[in-house]
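The values are calculated or read from the model by the stated rules, or taken from the named source; none is laboratory data. The structure presented is a predicted model; accordingly, all values stated were derived computationally and were not measured. Backbone-built Cβ (ideal geometry, glycine too); neighbour counts: all protein chains shown.
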Amino acid sequence: MEKYIIEKEQQIPVYAETDVLVVGGGPAGVCAAVSAARQGARVLLMERYGYLGGMSTGGFVLLVDCICDGKGNLVIKGLVEEMLDRLRGVNGLIEPDEATRGSSKLEDILKWRRYGATGGEDKIVRWSPVIDPELMKCVCNDMALESGVQLLFHAWFSRAYMVDNKVRGAIFESKSGRQAVLADIVIDCTGDGDVFYTAGEEYTTGNLPLGLVFRVANVDCEKAEQFLSIPGKDEQVSADIKAVRGINGGYSFGELPQGFYMRSNIDNVVWFNNTLAGSAVSVDDLTKVEIEIRQAMLRTLEYFRKNVPGFENAVVIDTAPQVGVRSSRMLCGEYTITRKELMEGASYSDAVVFAQPPYRGFQPEDVLKQIPYRCFVPKHTEGLLVAGRCISGDFGAIELLRVVPTAMLMGQACGTAAAIAVQDKVAARDVDVKKLQSSLRKQNVWMPVTE
């Protein structure tokens with residue numbers, strides 16, 4: 001039988017009041033906050049860690065997957081394009097050059113697949129920059145501060161502050177104690193739907209495996225890749241890693257076996273993605289990942305040092321500060337998008353995101369995947385929008401749409417919508433979608449003009 005305690009009723013100090021509160025400073029949250037602030041709203045961005053970027057920075061998901069249409073043409077624009085431009089200015093990424101994007105030449109594919117820039121299937125080179133996580137943190141800070149966003153770090157969201165059926169802010173915990181932020185509109189960019197969950201909204205759960213990325217330095221990448229290109233060697237290494245209880249690999253549906261590393265923007269540094277079954281909303285599973293993947297990491301490194309030329313002097317330089325989460329809670333919103341619709345190229349009059357994430361069977365002729373505004377709007381709760389991997393979709397749709405650049409576009413759309421709602425004094429669900437689409441076009445987001 002479970003035991004319970006009863007907390008004392010208490011007065012909670014109000015830390016701040018704002019027009020728009022964004023909870024979660026990951027890829028979606030940064031773009032939501034910046035876009036809302038640039039549209040004239042007062043914005044506070046609440047983040048539980050001491051940096052912005054979420055999975056891109058703290059999770060070491062260093063790949064900005066597939067920002068082109070498969071033919072080398074940029075389609076993921078807006079704030080994503082601006083971030084990448086800023087990273088280029090500080091030597092903070094590596095990417096295929098213009099002539100290589102969309103290439104189906106074998107030599108180009110063999111080079112760029114190790115960076116993750118072939119969309120998983122090794123058919124063509126996709127435009128997928130690999131970023132430096134520390135410089136990404138700096139770029140996110142600069143964009144937020146220059147836009148007038150108030151940043152609040154080391155603030156752990158606790159629960160939604162509700163008045164009737166409307167979210168009026170958020171209660172958070174920090175070293176300063178339990179406090180609250182009041183807001184007209186709250187945007188849930190927690191990734192796990194923490195705000196809508198504590199507001200009592202309906203949701204489903206999708207449990208893709210967890211992970212804990214680690215980076216390894218002092219690697220002679222050319223030497224290692226020469227060895228692994230010998231027929232049969234990659235399959236042997238993959239089998240051997242499994243035998244020594246090394247890491248299980250991250251997703252790979254190209255020719256590279258699971259469990260292998262990817263190259264970074266630094267010549268002798270690689271990163272190992274991995275998976276372990278578990279739930280992102282189970283504290284026990286999160287603890288298990290931190291322990292067991294580090295154990296497997298050491299076994300993997302020992303094997304590579306002894307058996308893979310180029311790794312003789314390899315060292316672990318860091319493990320990701322954040323557990324890698326691929327899916328958890330998913331909103332049951334005004335509209336639930338399905339993978340079937342996405343793969344069939346469905347279109348919507350209220351589409352505000354157009355993207356082309358990687359998936360099995362991709363062809364350059366495939367139409368962009370659309371996300372309607374209704375997927376960001378809860379069924380029952382007012383004053384709330386949702387962006388990122390916890391939007392309203394079935395499990396297959398979220399598996400497809402959860403990648404970093406698509407989440408960024410969701411954030412920019414929701415941030416702009418929140419600013420419009422505040423300025424027009426309307427509910428978030430009643431925002432004029434035509435006005436929202438027009439505003440996004442002016443922000444250089446790729447958006448077709450419709451009648």
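See the values below:
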read-out	value
Among residues of the stretch 130-168, those that are in a helix (DSSP H, G or I) and free of Cβ contacts under 8 Å to residues at least 40 places away in the same chain, counted	2
Per-region count, the stretch 45-84, residues out of contact with any Phe, Trp or Tyr (no Cβ under 8 Å at 6 or more places or on another chain) and of a type in the set (Ser, Thr, Tyr)	1
Residue that is charged (D, E, K, R) and under 26 Å from LEU440 (Cα atoms), where the choices are LYS105, LYS77	LYS77
Looking only at the stretch 29-75, and only at residues there that are β-branched (Val, Ile, Thr) and either in a loop (DSSP other than H, G, I, E, B) or surrounded by fewer than 22 Cβ atoms within 10 Å (Cβ to Cβ) (or both), the one that is modelled with the highest pLDDT	THR57
Residue tally, condition closer than 22 Å to VAL352 by Cβ, touching a helix residue (DSSP H, G or I) at 6+ places or on another chain (Cβ under 7 Å) and in a loop (DSSP other than H, G, I, E, B), over the stretch 76-95	2
Single residue of VAL289, VAL283 found to be under 23 Å from the mean Cα position of the chain (by Cα) and surrounded by fewer than 14 Cβ atoms within 10 Å (Cβ to Cβ)	VAL283
Subset of the stretch 423-451 [of a type in the set (Gly, Ala, Ser) and within 20 Å of SER392 (Cα to Cα)]	ALA427, ALA428
Condition broken by ASP194, with the remaining ones in (1) at pLDDT below 95; (2) closer than 23 Å to CYS31 by Cα satisfied	(1)
Among (1) modelled with pLDDT under 95; (2) touching an Asp or Glu at 6+ places or on another chain (Cβ under 6 Å) - the single one ARG360 does not satisfy	(2)
Test: residue in the stretch 45-53 that is in contact (Cβ under 8 Å) with a residue 12 or more places away in the chain and in contact with a Cys (Cβ under 6 Å, 6 or more places away or on another chain)	yes
Criterion (under 15 Å from GLN437 (Cα atoms) and modelled with pLDDT of 95 or more) met by exactly one of ALA397, ALA417, ALA407	ALA417
Scope the stretch 114-130; condition polar (S, T, N, Q) and more than 17 Å from the chain's Cα centre (by Cα); matching residues	THR118
The stretch 421-437, subset buried (at least 20 other Cβ atoms within 10 Å of the Cβ) and in contact with a helix residue (DSSP H, G or I) (Cβ under 6 Å, 6 or more places away or on another chain), residue nearest to GLU382 (Cα to Cα)	ALA428
Residue within the stretch 164-178 that is of a type in the set (A, V, I, L, M, F, W, C) and under 24 Å from VAL213 (Cα atoms) present	no
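Okay, residues lined up against (1) assigned by TED's automatic domain parsing to the domain that holds LEU409; (2) modelled with pLDDT of 95 or more:
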| site | (1), (2) |
| --- | --- |
| LEU84 | no, yes |
| GLY102 | no, no |
| SER128 | no, no |
| GLU146 | yes, yes |
| VAL149 | yes, yes |
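Residue-wise test of (1) assigned to a loop (DSSP other than H, G, I, E, B); (2) surrounded by 24 or more Cβ atoms within 10 Å (Cβ to Cβ).
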site: ALA170; (1), (2): no, yes
site: ARG178; (1), (2): no, no
site: VAL181; (1), (2): no, yes
site: VAL186; (1), (2): no, yes
site: THR190; (1), (2): yes, yes
site: VAL195; (1), (2): no, yes
site: THR204; (1), (2): no, no
site: LEU208; (1), (2): yes, no
